[in-house]
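*Asks:* A single structure is presented below for examination.
Please treat every number below as a calculation from the coordinates, not as lab data. From a predicted model like this one, the values you see are computed outputs, not experimental measurements. In this analysis, Cβ positions are derived from the backbone assuming ideal geometry, glycine residues included, and neighbour counts consider all displayed protein chains.
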């Protein structure tokens, strides 16, 4: 039997939190600006690994970024890997606008 993972944005702690049966199962920390969200670290409690908690975090956070019109800087290897495996989210990836030349 699988239990749904509830994901919420805990803006005060700058992280998305995933809960299963009311228990904190994982989180993804971030820094947000009006134009961009940078994901720094994702952690899933070992008890909940392999149950889709990380995917629920990534999908929810990226869907919210899309709704807000924000690009995504995936400094976190988990979020970067998740985007790489889900091509329909690649359009969110941050692209620098400035170009440095000599």
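*Asks:* How much length is gained on full extension from residue 67 to residue 31, taking 0.36 nm per residue of separation minus their Cα-Cα distance?
*Replies:* Details: separation 36, 0.36 × 36 = 12.96 nm, distance 1.69 nm.
Once the chain is fully extended between residue 67 and residue 31, it gains 11.3 nm.
*Asks:* What ranking, highest mean first, results for peptides 18-31, 59-72 when packing means the other Cβ atoms within 10 Å averaged over each residue? Present the calculation step by step, with values, prior to reporting the outcome.
*Replies:* Numbers: 18-31: 18.6, 59-72: 16.2.
The densest-packed peptide leads the list: 18-31, 59-72.
*Asks:* Next question, about the same structure. Once Rh for the range 1-46 is found with the Kirkwood sum over Cα pairs, what is the Stokes-Einstein diffusion coefficient at 20 °C and 1.002 mPa s, in µm²/s? Before the final figure, lay out each step's value.
*Replies:* On the way: Rh = 11.3 Å.
The calculation lands on 190 µm²/s.
*Asks:* Ok, one more. With each pseudo-label sitting 7 Å past Cα toward Cβ, what's the residue 95-residue 3 distance in nm, one decimal?
*Replies:* The answer from the label model is 4.3 nm.
*Asks:* So what is the 222 nm mean residue ellipticity for the chain from helices alone, if each DSSP H run of at least 4 adds -39500 (n - 2.57) and you divide by all residues, rounding to the nearest 500 deg cm²/dmol? Don't skip to the end; give the middle numbers.
*Replies:* Numbers: 2 runs with 25 residues, N = 102.
Calculated at 222 nm, the ellipticity per residue is -7500 deg cm²/dmol.
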